[in-house]
Amino acid sequence: MNYFIVYAHPEPRSLNGSLKDFAVAALVAAGHQVRVSDLYAMKFKASADAEDFPERDPGERLVYHRASGDAFHGGTQSPDVAAEQASLLWADAVILQFPLWWFSMPAILKGWVDRVFAHGFAIGVPKPGTKQWARYGEGTLAGRRGMIVTTTGAREEQLGPRGLNGPLEDILFPLTRGLLFYTGMDVVPSFVVYRTVRLPDERFTEVANAYVERLLTIQTTEPIPYRTENGGDFDERGVLQPSLGEGKSGFDVYRK
């Protein structure tokens, strides 16, 4: 299998970084192909701005998504963006690995998403032969598995259904359904390491082996059963059919 790990942590000696290194070594030893985009080490440009489009007329008002579409279709994207897109297309499994900061991902990873998931590549993709968009279960990255890997200092119960911080699944929803599933990937449940500042050294190998096991079984893991856009669950306005989601609330209504 081809694994593409997009890694966003500024300290390579962190627990997060050690888990990434352990996993890469184990995957390679098992005969798999692995690519890692270490965004901090790469000094990946996080700001989505006019500098991304050197062929664009600077006298025109910048509409970023239109400019990204023009660059994608015209073959004038920044080389760093095109390289990341090539890795996404190469991959069988896409892993976004990062520490949970302020209920989200580090800014450099958000910038990676903004720039790499360009119009025409990941959004604004028409479904051939229809007037529909290829998204939410369909799209450029269909056929791939996606997974979030994150570390947090919070206790597991604090990120549970009644926890102080709110349910982790809700916090990650913009990434699991709004990014990975949106672009066509089958999304498996996230791998989370809790209370990292209190993790005893002797537990590292246990956690690292659990991570590797999740990676090695990603193709056979049951994906999150998100509702697709074009499968009949939503009406022509994009609103969930009234007969669906009974007894559910919040983001749960988007699961079958």
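At most 16 other Cβ atoms within 10 Å and a DSSP loop assignment: could you name the trypsin sites (Lys or Arg not before Pro) in region 78-147 that fit?
Taking region 78-147 and a limit of 16 other Cβ atoms within 10 Å, the loop trypsin sites (Lys or Arg not before Pro) found are 131.
In nm², what is the average projected area of the convex hull enclosing the Cα atoms of the chain? Could the numbers behind the result be given before it?
Numbers: hull surface 62.6 nm².
The orientation-averaged projected area of the Cα hull of the chain comes to 15.6 nm².
Does region 65-111 come out rounded, prolate or oblate by the C-alpha gyration tensor, with a ≥ b ≥ c the root eigenvalues, rounded set by a/c under 1.5 and, if not, prolate when a/b is larger than b/c and oblate if not? Please report the intermediate quantities before stating the final value.
Working: a/c = 3.08, a/b = 1.58, b/c = 1.95.
Verdict is oblate for region 65-111.
Taking the highest mean first, how do the peptides 24-31, 57-64 order by number of other beta carbon atoms within 10 angstrom per residue? Before the final figure, lay out each step's value.
Details: 24-31: 13.5, 57-64: 9.4.
Averaged packing, sorted descending, gives the order 24-31, 57-64.
Loop-only check: which trypsin sites (Lys or Arg not before Pro) in region 160-221 are DSSP coil with at most 15 other Cβ within 10 angstrom?
Working: sites: 162, 177, 195, 198, 203, 214; in loops: 162, 195.
Listed in order of number, the matching sites are 162, 195.
Starting at the first residue of region 54-68, write each ³J(HN,Hα) from the Karplus equation 6.51 cos²θ - 1.76 cosθ + 1.60 with θ = phi - 60°, in whole Hz, x for Gly and Pro.
Once θ is set to phi - 60°, the couplings for region 54-68 become x, 8, 6, 5, x, x, 8, 5, 7, 10, 4, 5, 5, 5, 5 Hz.
Tell me, what is the percent relative contact order of the chain, built from C-alpha pairs under 8 Å that lie six or more residues apart? Don't skip to the end; give the middle numbers.
Numbers: 383 pairs, mean separation 47.4, N = 256.
Relative contact order for the chain comes out at 19 percent.
Can you give the translational diffusion coefficient of region 188-256 in µm²/s, computed by Stokes-Einstein from the Kirkwood radius over Cα pairs at 20 °C and 1.002 mPa s? If you can, show how the numbers build up before the last one.
Working: Rh = 15.3 Å.
In µm²/s, the coefficient rounds to 140.
Where nothing but the Cβ of Lys and Arg (+1) and of Asp and Glu (-1) is charged, how large is the charge dipole of the chain around its Cα centre, in debye to the nearest 20?
Here the size comes out at about 220 debye.
Just rank 43, 127, fewest to most, by other beta-carbon atoms within 10 angstrom. All intermediate terms of the calculation are to be shown ahead of the outcome.
Numbers: 43 10, 127 14.
Arranged by neighbour count, lowest to highest, 43, 127 become 43, 127.
Sequence-distant or interchain residues sharing an amide H contact under 5 Å with residue 184, placed H: which?
136, 137, 138
State the antiparallel share, in %, of DSSP beta bridges confined to the chain, rounding to the nearest 5. If you can, show how the numbers build up before the last one.
Numbers: 4 of 28 bridges.
Of those bridges, close to 15 percent are antiparallel.
Dipole of the chain (Lys/Arg Cβ +1, Asp/Glu Cβ -1, origin at the Cα centre): which of 207, 50, 184 lies farthest to the positive side?
Of the options given, the answer is 207.
Could you give me the radius of gyration and the Dmax of region 29-74, taking only the C-alpha atoms into account and expressing both in angstrom?
Cα only, region 29-74: 16.0, 53 Å (Rg, Dmax).
Mind checking which lysines have their Cα closer than 30 Å to the Cα of residue 43? Skip sequence neighbours fewer than 8 apart in that chain.
Cα-Cα hits under 30 Å: 20, 110.
Given the peptides 231-239, 152-160, arrange them by the average over their residues of other C-beta atoms within 10 Å, most packed first.
Per-residue Cβ counts within 10 Å, averaged per peptide and sorted highest first, yield 152-160, 231-239.
Debye calculation, C-alpha points only, no solvent: report log10 I(q)/I(0) for region 36-168 at q = 0.10, 0.14 Å⁻¹, in the same order as the q values.
-0.42, -0.78
At 10 °C and 1.306 mPa s, what whole-number value in µm²/s does Stokes-Einstein give for the translational diffusion of region 166-207, with Rh from the Kirkwood sum over Cα pairs?
On the way: Rh = 12.3 Å.
Answer from the Stokes-Einstein relation: 129 µm²/s.
Using Cβ contacts closer than 10 Å as the measure, can you line up 249, 104 from fewest to most?
Working: 249 7, 104 14.
Lowest count first: 249, 104.
Each reported figure results from applying straightforward, stated rules to the coordinates on display, with no laboratory input. The model shown is predicted, which means the values in this text are computed figures rather than measured ones. Positions of Cβ are backbone-derived with ideal geometry, glycine not excepted, and every protein chain shown enters the neighbour counts.
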